[in-house]
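Report on one structure; see the data block that follows.
The values are calculated or read from the model by the stated rules, or taken from the named source; none is laboratory data. Fair warning: this is a prediction, and the values are worked out from it, not measured in the lab. Every residue, glycine as well, gets a Cβ built from its backbone with ideal geometry; the counts of neighbours run over all protein chains shown. Side chains are part of the model used for accessible areas, which takes the heavy atoms of the whole protein and leaves out ligands, DNA and RNA. Shrake-Rupley method; radii C 1.70, N 1.55, O 1.52, S 1.80 Å.
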Amino acid sequence: QVQLVESGGGLVQAGASLRLSCAASGRAVRSYDLVWFRQATGKEREFVALAGGGTYYADSVKGRFTISRDNADDTVYLQMNNLKSEDTAVYYCAAGPIGARRYDYWGQGTQVTVSS
């Protein structure tokens, strides 16, 4: 079992920055990919970024978002710069076996709202 707790969401203006955190706890966290997804109202959930065997980003956030992972305290961060209104969504942290592209564990989500 892995438990995930996100924090750091909020309301910001376009062009601002936010950093999301996801604290992971449980067994063998370091054997998991830690991934950020987001879901905007009325839209399907979409992949944002992954930190595991490597780092990967959705095209829509490349160059603006940076994912990082601190294995000392099993936390994954999402630094979001130059935020746009289309980044408004609930952001979820997820965990799954490295390389499996299957995410068995999810956090409760944190709201990010970007006003234009």
*Of the options Phe65, Gly54, Val35, report the single residue whose Cα projects farthest towards the positive end of the charge dipole of the chain (beta-carbon charges: Lys, Arg +1; Asp, Glu -1).*
Gly54
_Which order do the peptides 12-20, 27-35 come out in when sorted by mean C-beta neighbours inside 10 angstrom, highest first?_
27-35, 12-20
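Can you order the peptides 52-58, 89-95 by their average number of other Cβ atoms within 10 Å per residue, highest first? Intermediate values should be presented prior to the final figure.
Working: 52-58: 14.0, 89-95: 22.7.
Highest-to-lowest ranking by the protection proxy: 89-95, 52-58.
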*Can you give the translational diffusion coefficient of segment 1-86 in µm²/s, computed by Stokes-Einstein from the Kirkwood radius over Cα pairs at 37 °C and 0.692 mPa s?*
241
*Surface share of carbon and sulfur [accessible, 1.4 angstrom probe, percent] for the chain*: 45
*asked:* Taking the Cα centre as origin and putting +1 on Lys and Arg beta-carbons and -1 on Asp and Glu beta-carbons, what dipole magnitude results for the chain, to the nearest 20 debye?
replied: 120
_Rounded to the nearest angstrom and ordered from largest down, what semi-axes does the equivalent ellipsoid of segment 2-48 get from its C-alpha gyration tensor (root of 5λ)?_
24, 15, 9
*Step through the residues of segment 75-89 one at a time and calculate ³J(HN,Hα) from phi using the Karplus curve (6.51 cos²θ - 1.76 cosθ + 1.60, θ = phi - 60°), rounding each to whole Hz and writing x for Gly and Pro.*
10, 10, 10, 10, 7, 10, 10, 6, 5, 10, 4, 6, 7, 4, 4
